[in-house]
1. Which residue pairs have Cβ atoms closer than 9 Å, lie 6 or more positions apart in sequence or on different chains, and pair a first residue in the stretch 238-250 that is within 11 Å of His62 (Cα to Cα) and modelled with pLDDT of 95 or more with a second residue that is of a type outside the set (Val, Ile, Thr) and in a helix (DSSP H, G or I)?
2. Which members of the stretch 346-374 meet the condition of being under 19 Å from Ile210 (Cβ atoms) and either β-branched (Val, Ile, Thr) or surrounded by fewer than 21 Cβ atoms within 10 Å (Cβ to Cβ) (or both)?
3. Which residue out of Ser345, Ser320, Ser336 is within 24 Å of Ala244 (Cα to Cα) and in contact with a Lys or Arg (Cβ under 7 Å, 6 or more places away or on another chain)?
4. Name the residue that is surrounded by the most Cβ atoms within 10 Å (Cβ to Cβ), counting only residues in the stretch 445-489 that are of a type in the set (Ser, Thr, Tyr) and within 20 Å of Leu148 (Cβ to Cβ).
5. For Ser299, indicate whether it is of a type outside the set (A, V, I, L, M, F, W, C) and surrounded by fewer than 16 Cβ atoms within 10 Å (Cβ to Cβ).
6. Do you know which residues across the stretch 343-380 are touching a strand residue (DSSP E or B) at 6+ places or on another chain (Cβ under 8 Å) and either outside any helix (DSSP H, G or I) or of a type in the set (Ser, Thr, Tyr) (or both)?
7. Of the conditions (1) of a type outside the set (Ser, Thr, Tyr); (2) touching a helix residue (DSSP H, G or I) at 6+ places or on another chain (Cβ under 6 Å); (3) over 15 Å from Pro308 (Cα atoms); (4) not in a helix (DSSP H, G or I), Ile328 satisfies every one except a single condition; which number is it?
8. Against the definition (within 30 Å of Ser134 (Cβ to Cβ) and outside any strand (DSSP E or B)), how does Ala233 come out, yes or no?
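The values are calculated or read from the model by the stated rules, or taken from the named source; none is laboratory data. Computed from a predicted model, the values in this text were never measured in an experiment. Counting neighbours? That spans all protein chains shown, and the Cβs are built from the backbone with ideal geometry, glycine included.
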Amino acid sequence: MTRSGQAHIPPELTGLDRFIRKGMREWNVPGAAVGIIKGNRVVYARGFGVTDLTSGEPVTEHTRFPINSMTKAFTATVLGQLVDEGKLAWDRPLRDYLPLFRMHDPVATERTTTRDILLHRTGLAPHHVAMFSSLATSAPLLERLPHLQPSLDFRSGLCYTNAGVAVTRDLVERLTGRSWEHIVSSRILKPLGMGESRFATEDLSMPEDIPVGYVREGGRLVPWLKGKNIPLAEAYRPKAPACAVVASLSDMCRWLRFQMNGGRVGGQQIIGESTLAEIHLSQMATSKLVRLKGLFDTSFALGWRVQPYRGHRRLWHGGSGRGYSGTISFLQEESSGVVILTNSSVSPLVHVVQFNVFDRLLGLSRLRWKEEFRKIARRRAARAQRSGSGRSRPTDASPPRPLAAYEGCYAHPGYGRLTVSSCGEGLSVSYNGLTLRMRHTQGDVFDISGHHEEPITGQASFRTSAGGKVSAVTVPFEPSVEGIVFTRVNKAGR
């Protein structure tokens, strides 16, 4: 644990180290880095735990973590700079800049703007599994996008999706002639002195460049890449503008101060102050986030979420993915902020620590956030149990055809290819580095189960042609839309 640059830690943060360590033990988090800004100064920046449970390498403020969806604010800032230069207008249709832009909904095709993309109001469903990596298809996103179904009508509500934000890679490249990574690096990382930051789309190795990311399986922590042939760059490349920045706590504190300081760094205005203010403006209300005491009126800004904390205006965004989770948050009027990075999948720790820090900095009574999140965990576990108990049970009857008849390669224009193979008394599906199990229930219907960032459950059903041969399979990869239909390409091995 390092303590550089923290000669005078505010007295209200006394005991915070102990609170964080206790929370890490309780929520089973191997490593964490926590930074705090007060009065536009870094007053706390510390590492806790380890980057690797095997090596025991300690986390420091210089350890680089994938920040996942916190990347969206970097993308919004770069787009804001292009607005300042007159190269982009928030409310001009994307097709004016990207003539090949198409969506499943023709209205969304014609009217979607950059603002719509960043506010997640195009109606496009998340399609997280399709955006996991580029292993399933080499087709560019602009070719795949028209085949990804919406779950809402255009601008009728908020549907959070990385797929929409990912389109800004093509937008930035079209407007600047350079890659999204080059523009973020040259326009943000270098001016802000974020020399420890990189991109997950580069060929980073594990665990040398970043901490080992851990997931929970059967009550224990497991490295998420163990036994999986998924290069990190492949997992992040399709959705880079939504989640590909890799940064240290030290660099993220620089980024937070820049956002809190009106877009200025070292006397230089990196983005117009009024443009940044518009990026921070609450523009899209939603009721989809968890509502807790003191946390109401949730909305989205451009690359940020806006949700007051106990009466104080707060901008924040989480960043979670397989093996990593964190959050960045600041109280705009009080010039106070928090960054938390961990090498553990979605954990209440990042919220519990954030809220505890704000209670301390604001001089408020400390709410019992641990108890609140324990209640949430119990409710979610109960819902999952009820959902599991309602699933179809395998019947005694065998499938209407041999398992070998279902084997083969199947394709979808938006999702790419998957392979169905025999596996013991059932079937297995290989898709995008994921393996799912299928157990027969009735007819050509199978229960399917597996895990991506969330459990994948439901029923997969095979279709047959007029000749009685298996011709397609419908898989519940996106719960907010109808099943995704993959058409048979060939029999396995041919």
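1. Pairs that qualify, where the first residue is within 11 Å of His62 (Cα to Cα) and modelled with pLDDT of 95 or more and the partner is of a type outside the set (Val, Ile, Thr) and in a helix (DSSP H, G or I), are Ala247/Met70; Ala247/Leu189; Ala247/Trp255.
2. Across the stretch 346-374, the qualifying residues are Val346, Val350.
3. Matching residue, one of Ser345, Ser320, Ser336: Ser345.
4. Filtering the stretch 445-489 for residues that are of a type in the set (Ser, Thr, Tyr) and within 20 Å of Leu148 (Cβ to Cβ), the one surrounded by the most Cβ atoms within 10 Å (Cβ to Cβ) comes out as Thr474.
5. So Ser299 does not fit the description; no.
6. If the condition is that a residue be touching a strand residue (DSSP E or B) at 6+ places or on another chain (Cβ under 8 Å) and either outside any helix (DSSP H, G or I) or of a type in the set (Ser, Thr, Tyr) (or both), then Asn343, Ser344, Ser345, Val346, Ser347 are the ones that fit.
7. Looking at each condition in turn, Ile328 falls short on (3).
8. The answer is yes for Ala233.
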